[in-house]
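The values are calculated or read from the model by the stated rules, or taken from the named source; none is laboratory data. Please read these numbers as outputs of a predicted model, since none were measured by experiment. A quick note on method: Cβ atoms are made from the backbone with ideal geometry, for glycine too, and the neighbour counts reach across all protein chains shown. Just the protein is used for accessible areas: all its heavy atoms, side chains included, with ligands, DNA and RNA removed. Shrake-Rupley method; radii C 1.70, N 1.55, O 1.52, S 1.80 Å.
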Amino acid sequence: MTTPDDGSAVRRLEAEALEFTRQLIRIESVNTGSLAPIGDGEARAARLVQEWLAEVGIEGEFVEPHPGRGSFVARIPGTDPTAPALLAHSHLDVVPVDARDWTAPPFGAEVRDGMLIGRGAVDMKHFAGTLVAVARHFARVGVRPRRDLVLAFLADEEAGGVWGSRWLVRNRPELFEGVTESISEVGGFSVPLDASGRRAYLLATGEKGPATVALTANGSARHASGLSTENSVVALAEAVARIGAYEFPVARTRTLEAFLEAFGRARGRPFDEATLEADLAGLEIAGPLVGAGIRTTATPTVLTAGGKPNVVPARASALVDVRVIPGQDELVRATLRELAGPDIEVEERAWYRGTKSPASGPFVDVLRAAIAVEDAQGEVVPYMLPASTDNKHFSKLGIAGYGFTPLRVPLDFDVFAQFHAADERVPVEALEFGARVTASILKRA
């Protein structure tokens with residue numbers, strides 16, 4: 001009889017995680033951000049996941065609220081009916097590619113020099129393939145998790161989850177009944193912890209809230225040769241410059257304190273308040289990612305005004321990308337209005353609250369124990385993700401979201417730098433590591 005720890009069973013788990021990831025990468029589920037997807041890649045990927053799980057008797061529900069925007073959700077019953085359920089989710093869409101920037105076919109899923117290369121290798125078809133492989137492994141060897149496991153394979157995350165997680169939360173919340181915690185991107189990958197070669201496995205216990213704010217300056221259209229000082233372009237430019245130059249204060253969140261304590265202890269020196277940002281920037285690989293999460297940011301990104309050089313336009317507008325530290329929403333709103341000035345219209349096009357989850361507790365202990373089995377010297381370290389994931393929608397159901405898709409990579413390999421990049425890649429050995437750790441997490445959580 002095969003057991004969960006049987007060598008052949010584990011090798012098959014690893015092999016399937018790689019093979020399923022490769023097959024998913026070969027489906028061009030590109031999300032351009034438009035309402036209509038390019039082809040039906042997301043739906044085909046979700047249907048393929050459904051087929052793989054059905055082969056081992058795991059049924060679920062395929063949902064397609066808009067043509068081509070397909071998701072699949074399945075529930076695996078646990079042994080303890082009184083325990084809350086755990087959600088593990090992965091999105092199936094990917095960002096566009098320019099093949100001219102790649103040295104390998106973006107959707108070829110080639111393995112070169114121990115690296116799997118392709119769009120979605122890290123963001124995040126590797127975790128979708130891993131979840132399928134783990135579920136099939138459990139079915140083959142007779143593992144039943146303690147808690148109900150809800151597996152969600154989602155459309156449209158790269159455009160805000162409108163037809164994926166957001167739609168499911170609003171229209172099919174019963175699919176996530178009883179879920180109290182979730183695990184997904186962006187975390188679990190290793191970064192150098194200290195000079196001895198120990199690794200930290202970053203755990204996203206919070207995410208900034210993404211927002212889009214529109215600024216509009218109104219005036220009167222006129223010939224550009226006139227002497228009037230009223231100019232919507234100038235007024236908008238001044239507002240944009242004020243917002244772009246403003247620096248929000250560092251937020252000393254519990255997550256940041258936990259990160260600083262772990263890295264300060266490992267490196268034998270505390271982080272100095274006066275030089276915090278410089279000290280973070282000096283950390284190998286982890287520094288830029290963590291540093292981007294310590295304060296709210298407001299970044300002007302789009303400017304629109306005029307049509308002819310000899311006409312002062314009546315209207316000029318701009319879009320500002322805002323990433324809000326959890327709990328700072330009203331402060332940020334007020335600050336942006338003040339910086340824009342009384343003559344500039346400020347409109348919220350989108351505003352999602354950031355998420356924050358406990359950085360300690362039984363579930364985090366499970367993550368630490370699972371890593372310890374594979375890397376006894378590794379340490380799970382919380383951090384604040386400066387971007388956002390589908391967790392922002394699941395949080396509306398009271399689900400505490402964690403970013404943790406485990407990958408042990410070489411000390412000089414920057415996993416976060418692979419997101420949305422040309423030649424996106426992941427070491428095959430890291431995928432195999434991730435399959436083993438994910439199986440341990442889902443079994444014991």
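Structure notes:
- Checking Leu151 against (1) within 16 Å of Pro65 (Cβ to Cβ); (2) of a type in the set (A, V, I, L, M); (3) surrounded by 20 or more Cβ atoms within 10 Å (Cβ to Cβ), the condition it does not meet: (1)
- Selection count, the range 23-37, where residues are in contact with a strand residue (DSSP E or B) (Cβ under 7 Å, 6 or more places away or on another chain) and open to solvent by 50 Å² or more (accessible area, probe 1.4 Å): 0
- Residue within the range 58-73 that is at pLDDT 95 or above and more than 23 Å from Thr389 (Cβ to Cβ) present: yes
- Within the range 90-115, residues that are under 13 Å from His126 (Cα atoms) and open to solvent by less than 30 Å² (accessible area, probe 1.4 Å) have Cβ atoms under 7 Å from residues that are outside any strand (DSSP E or B) and among the β-branched types (Val, Ile, Thr) in these pairs: Ala109/Ile25, counting only partners at least 6 apart in sequence or on another chain.
- Given (1) in a helix (DSSP H, G or I); (2) loosely packed, with under 14 Cβ neighbours inside 10 Å; (3) in contact (Cβ under 8 Å) with a residue 12 or more places away in the chain, number of the condition Val56 does not satisfy: (1)
- Filtered by the rule that a residue be in a strand (DSSP E or B) and over 16 Å from the mean Cα position of the chain (by Cα), the range 171-189 gives Val179, Thr180.
- Some residue of the range 215-231 being out of contact with any strand residue (DSSP E or B) (no Cβ under 7 Å at 6 or more places or on another chain) and buried (at least 18 other Cβ atoms within 10 Å of the Cβ): yes
- Looking only at residues of the range 274-312 that are part of a strand (DSSP E or B) and over 24 Å from the mean Cα position of the chain (by Cα), we find that the one that is farthest from Pro326 (Cα to Cα) is Val311.
- Qualifying residue in the range 382-398 (condition: more than 24 Å from Asp93 (Cα to Cα), buried (at least 24 other Cβ atoms within 10 Å of the Cβ) and touching a residue at least 12 places away in the same chain (Cβ under 8 Å)): yes
- The residue of the range 38-52 that is farthest from Arg119 (Cα to Cα), among those that are out of contact with any strand residue (DSSP E or B) (no Cβ under 6 Å at 6 or more places or on another chain) and not aromatic (Phe, Trp, Tyr), is Glu51.
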